[in-house]
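Only one structure is covered here, and it is reproduced in the block below.
What follows is calculated from the coordinates using simple rules that are stated; it is not laboratory data. Predicted model, so just to flag it, every value in this text is computed and none were measured. Counting neighbours? That spans all protein chains shown, and the Cβs are built from the backbone with ideal geometry, glycine included.
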Amino acid sequence: MRAPMIVGSDISGGAALAPRSIGTLTPGASRAGRMAFGTFRERLIRVIGRAVLSMPPSAWLLVDMVTLLVGITVAYQTFPPPPDATPHHIALWQASVIFVFAMVIASLVFGLYERETILSRSRILTRIGLTTTTATVIAYAIIYVLMYATVSRRSTALAMFIFIIGGVSIRVLARWLAKQIHCGLLVIGARPLFESFETAQADGLLGEYRLMGYATLDRDESVLPNDPNYVGGVDDQLTQLGRMGVTDIVVSDSAAQDRRVMDWVVPCLQHGCRVTNEAIFYEKATGQILVDEITPSWFLFADLTVHCDRHATLKRINDVVIAGVALILSAPLWPLIALAVRLCDRGPAFYSQDRVGQNGKVFKLYKFRTMRTDAENGKSIWCTPNDPRVTRVGRFLRKTRLDELPQLWNVLAGHMSVVGPRPERPDIVAELRKKVPFYSERHLVKPGITGWAQISFRYGASVGDAKRKLQFDLYYLKHMSFELDMIILFRTAGTFLKGGC
């Protein structure tokens, strides 16, 4: 995902800054405040972007209905039904009613009209793909089974093609407009929280926000000269928020515990600012869980469904089907890859290694060998970018993820899932348990060949990277679903295609 933007206030509070706090900001911050309104074109784009984000589901539903009706009309004009078709070929108005009905049902099931869909390309493609496929199945079931009629496959294909192109194009344009808003983000709390947002922005997240700085509960004059991002303390003078261009306020958990919190929240909301606490904002805006900010009670209130029988059964069926089909389709590649690995350095083609699985159980993981045979000599070593231990063939296999193919057997054997946290070596896990809070909790689910952390963060090569990846793993743990698994698989396929080019 990357991830959705915040949708509204939740708890906590925000506050304003004193005239001195805002008015005496650094020249760069003052210039950012004056540029908040921008040119007419920028203002127009922001207005349209906000209108797009605030469109109700019924409006999106109407857009899709019009798009589909246009597609069906064009399809029937391009491929008119024969007058003497047997069985009866349904008329244009019948096809329109049936396919629109099927599309509405499928789109509601797959959440096509949720606000977060607009903010993620992968969600747009996944949900429209699932909606189109399901709607076609439903429509054909109604036409063939209930009506004993038929419909041209060419007409259906053309209509759905127009619907997909139109639906994707409209949403991609809407997403671009939404990204042009550049909301002004003000942090109420200590500098470390502000730095976590700077890090997320450096990683390509929070692109729709301008970081305006951070404020503390009480003004600390000793910080102002040393930190250009510090804008002072919080007080009741809220008139400066609009001039500064602040549209979103994030309040740290420590600041939210202050009794003055409601004195800040209500006036900020009256000025049109969205207010939320750090954990909820960070989760929705980046697709991660802040490990340093959660407590054991988080697992109580996260409403995890990892051991729900219905979810576990569906996930297992999905794993067996995908792994089985993938094994069949990839079978011709196996001897070619094995031969290439053998010819590269005369070593074995396959490689097995102990990894930690669900509930801490250790299993043997299988891969095509990508490193020299003397790469570790029994000791786990973190991989590095351009690792010299990786062979020439191994570098290509890693780039295209083809080295992971033998793990399909691990999936069929039940050791792994297709989607889940990446399994690590037992000694590395023992080290990370001591240094990273809640690291063991990622083993509540089966490890996966691919996962939310794998597609959202670079290859881990340190304890710090493992901590960042854990934040993505906890997000997956909380939000795991069939839909999220499909999103991850689509994005993994994109990585595979890009790596092979």
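In table form, for the structure just shown:
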quantity	calculated
Backbone HN-Hα couplings from phi across segment 482-492 [Karplus 6.51/-1.76/1.60, Hz, Gly and Pro as x]	4, 5, 5, 4, 5, 4, 5, 5, 4, 5, 5
Segment 102-152: C-alpha gyration tensor shape, a/c 1.5 cut-off, then a/b vs b/c	prolate
Neighbour-count ranking [beta-carbon atoms within 10 angstrom, fewest first] of R372, R422	R372, R422
Rounded, prolate or oblate (a/c below 1.5 giving rounded, otherwise prolate when a/b exceeds b/c) for segment 309-500 by Cα gyration tensor	oblate
Under the Karplus curve 6.51 cos²θ - 1.76 cosθ + 1.60, θ = phi - 60°, whole-Hz ³J(HN,Hα) for segment 400-405, x wherever Gly or Pro sits	9, 6, 5, 5, 7, 3
Dipole-positive endmost among I138, L68, L173 within segment 53-178 (Cβ charges, Cα centre)	L173
For L211, distant residues with modelled amide H under 5 Å away	L185
Karplus-derived 3J(HN,Hα), 6.51/-1.76/1.60, for each residue of segment 93-99, Hz, glycine and proline x	5, 5, 4, 4, 4, 5, 6
Gap separating the Cα centres of segment 55-129 and segment 308-350, nearest whole Å	36
Long-range HN-HN contacts of R274 with modeled amide H, under 5 Å	D248, I249
Where the Cα pairs of segment 46-171 fall when distances are cut into 10 Å bins, in %	13, 44, 28, 12, 3, 0
Simple spin-label estimate for A413 and I381 in nanometres, 7 Å along Cα-Cβ	2.6
Segment 302-399: C-alpha gyration tensor shape, a/c 1.5 cut-off, then a/b vs b/c	oblate
